[in-house]
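All of the numbers you see were taken from the coordinates with simple rules; none came from a lab. All of these numbers come straight from a predicted model, not from anything done at the bench. Here Cβ is always computed from backbone atoms with ideal geometry, including for glycine, and neighbour counts include all displayed protein chains.
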Amino acid sequence: MPTWIYVPAFAGAIFVLLPLLAIVLRTPWSRFFTLITSEASQEALLLSLRTSGTSTLLCIVFGVPMAVVLARTSFRGQSLLRSLVLLPLVLPPVVGGIALLYTFGRRGLLGETFDVLGVQIAFSTTAVVLAQTFVALPFLVVSLEGALRTAGQKYEVVAASLGAHPTTVFRRVTLPLVLPGLASGAVLAFARALGEFGATITFAGSLQGVTRTLPLEIYLRRETDAQAAVALSLVLVVVAVLVIGFARQGKGHL
């Protein structure tokens with residue numbers, strides 16, 4: 001490895017770590033526990049964890065089959081489908097929120113049908129989960145599809161040649177083979193859902209205890225109590241670091 005490569009690597013690390021250090025230095029430690037244990041803060045944190053966990057489960061339920069289809073099959077229009085599936089990666093979150101609103105809102109594409117049935121999705125906790133799932137799903141699909149392509153199909157072919165049913169091959173061979181990739185993708189999806197802001201506030205609004213997740217609470221506190229916003233930002237950073245740390249430790253054991 002060339003010696004010069006350490007210079008941009010170090011600069012990149014500093015670029016990432018300095019803002020985190022700034023948050024630590026600006027945190028009002030004398031009021032820290034008071035700020036993060038307020039009723040609004042606790043509700044926002046618990047709501048974020050609950051909805052992020054639910055959206056991660058949805059990402060696994062829908063993302064695993066999507067990744068398998070993209071990695072293990074070939075059909076006309078596959079490249080276009082992959083591009084559309086990955087579109088939320090580059091789409092501004094607020095645009096995703098508008099798209100969801102015009103799909104599931106009261107006057108949306110499907111919203112009118114739900115409204116007739118007495119079900120209102122927009123500006124509810126369900127809307128938060130859908131917004132988080134919309135922006136987080138591509139992270140799991142990308143991670144798992146890459147793991148599937150790297151693993152190849154030789155073990156699956158051997159299992160199939162021995163008479164194993166396709167479902168058995170998928171359950172006993174494919175999934176264990178790419179479990180580290182699945183775990184990594186699930187963590188990325190959870191982290192993305194935890195930090196989601198734009199699509200959530202557009203599609204779900206900001207109702208305390210219902211749709212106001214921790215990123216929304218931080219944004220609102222920034223206008224009224226900057227110190228509280230910094231303290232809650234540090235909490236979000238710590239939670240994200242813990243999630244990634246546990247995931248990497250689990251991946252190492254796998």
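Here are the numbers for the structure shown:
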read-out	value
Sites excluded, trypsin sites (Lys or Arg not before Pro) in DSSP loops with at most 10 other C-beta within 10 Å, longest stretch of the chain	108-254
Neighbour-count ranking [beta-carbon atoms within 10 angstrom, fewest first] of M1, M66	M1, M66
Stretch in the chain that is longest and holds no chymotrypsin sites (Phe, Trp or Tyr not before Pro) that DSSP places in a loop and that have at most 15 other beta carbons within 10 Å	76-254
Virtual spin-label span in nm between A13 and D225, 7 Å along Cα→Cβ	3.7
Cα centroid of the range 124-147 to Cα centroid of the range 156-197, whole Å	16
Only Lys, Arg (+1) and Asp, Glu (-1) charged, at Cβ; the chain dipole about Cα centre in debye	640
MRE, 222 nm, helices only [DSSP H, n ≥ 4, -39500 (n - 2.57), over the chain, to nearest 500]	-23500 deg cm²/dmol
At least 30 Å along the helix axis (C-alpha) and Kyte average at least 1.0, DSSP helices within the chain	39-72, 125-151, 226-253
24 Å tail of the calculated P(r), the chain, as % of Cα pairs	58
